[in-house]
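Q: First the structure, which I've put down as structure tokens, then a few questions once you've had a look.
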Amino acid sequence: MPPIMTQPITPSPITLALPKGRILKEALPLLARIGIVPEADFSDENSRKLTFATSRADVRVIRVRSFDVATFVAFGTAQLGIAGNDVLMEFDFSELYAPVDLGIGHCRLSVAQPAGLDPDLTRLSHVRVATKYPGLTRRHFAARGCQAEVIKLNGAMELAPLVGLSSRIVDLVSTGKTLAENGLVEVEVIARISSRLIANRAAFKTDGRVVELVGAMRRLVEADDAAAA
């Protein structure tokens, strides 16, 4: 009886979740340097496609909201992603591994308030805060013995104190220009933010391709840091 011929099983491509916006623009050149270039229509924000091929047959990319990157990777739908450590601190997924600080997307997560308010937050026992980081905000104020009443907003954060919705906000700050234009001042930095390459822990342990890509990105960042020193 002749042997039964079987086709080799081709593993599914690795999925890399990328955030929309400024971080994406900074991340694409880094990815290109390790051989990952998305197909041309990836940069078309009007495209209705959900997944995109890359220059590597074993890697595809998806473009999602920055907060959703961590969720896709934590649940294994994507094996790798790029996310700011603000997102990682908010969700605190145990399934996530953040092995490489990419050195992009620099900003800070801060408390801001109208210029006329007392800037000494240590005197507060209760505060109403508008933010898209409810978990992180509650933990931050609780650590100093202050009860935070958190109002979840997804945008237009600076508007909240102006219309009396909250007395303070917790938001990302880069230059501080938007705060100043709305009569707000930055009074406390909660954390310095940068973007990280993140991996699903199970995928990192079981898929050599994930380990390879993490290693390639780590070597790239280390080489850049050494060159800048």
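Q: Would you mind checking which residues have amide H under 5 Å from Val150's amide H? H placed 1.01 Å from N; only 5 or more apart, or other chain.
A: Val129
Q: State, to one decimal in nm, how far the label point of Glu95 lies from the label point of Ala32, with both points 7 Å from Cα in the Cβ direction.
A: 3.3 nm
Q: Now a separate question. As a test, work out the antiparallel percent of DSSP beta bridges whose residues both lie in region 107-192, rounded to the nearest 5.
A: Taking every DSSP beta bridge within region 107-192, about 55 percent pair in antiparallel fashion.
Q: Something else: Report the charge-dipole magnitude of the chain in Debye, nearest 20, computed about the Cα centre from +1 at each Lys and Arg Cβ and -1 at each Asp and Glu Cβ.
A: Computed charge dipole of the chain: roughly 300 debye.
Q: If you add up the charges near Asp92, with Lys and Arg at +1 and Asp and Glu at -1, over every other residue whose beta carbon is less than 15 angstrom from its beta carbon, what do you get?
A: After counting each charged neighbour, the total is +1.
Q: Hey, another quick one. Once you list every other residue whose beta carbon is under 15 Å from the beta carbon of Gly176, what net charge do they have if Lys and Arg are +1 and Asp and Glu are -1?
A: Around Gly176, the surrounding residues sum to -2.
Q: Dipole of the chain (Lys/Arg Cβ +1, Asp/Glu Cβ -1, origin at the Cα centre): which of Cys107, Ala156, Leu179 lies farthest to the positive side?
A: Ala156
Q: Please work out the Cα center distance from region 61-138 to region 192-229, rounded to the nearest Å.
A: Result: 20 Å between the Cα centres.
Q: What does a probe at Val189 reach in region 96-118, counting residues whose amide N is under 13 Å from the point 7 Å along Cα→Cβ?
A: 106-111
Q: Among DSSP beta bridges lying fully in the chain, give the percent that are antiparallel, nearest 5.
A: Of all bridge pairs located within the chain, approximately 60 percent are antiparallel.
Q: If you take the beta carbon distance between Lys205 and Arg144 as r and set R0 to 45 Å, what does 1/(1 + (r/R0)^6) give as a FRET efficiency, to the nearest 0.05?
A: My answer for the efficiency is 0.75.
Q: Filter the chain for me: DSSP H helices, axial length by Cα at least 27 angstrom, mean Kyte-Doolittle hydropathy not below -0.5. List them by residue number.
A: Counting only whole DSSP H runs, the qualifying helices are 208-228.
Q: Among the lysines, which fall within straight-line cross-link reach of Lys20, defined as a Cα-Cα distance under 18 Å, with same-chain neighbours fewer than 8 residues apart omitted?
A: The reachable lysines, counting only those whose Cα sits under 18 Å from Lys20, are Lys49, Lys132.
Q: In units of 2.2 N^0.38 Å, what is the alpha-carbon radius of gyration of the chain?
A: It is 1.21.
All of the numbers you see were taken from the coordinates with simple rules; none came from a lab. Just so it is clear, the structure is predicted and the values come from calculations on it, not from any experiment. Methodologically, a virtual Cβ is constructed for each residue, glycine included, from the backbone with ideal geometry; neighbour enumeration extends over all protein chains shown.
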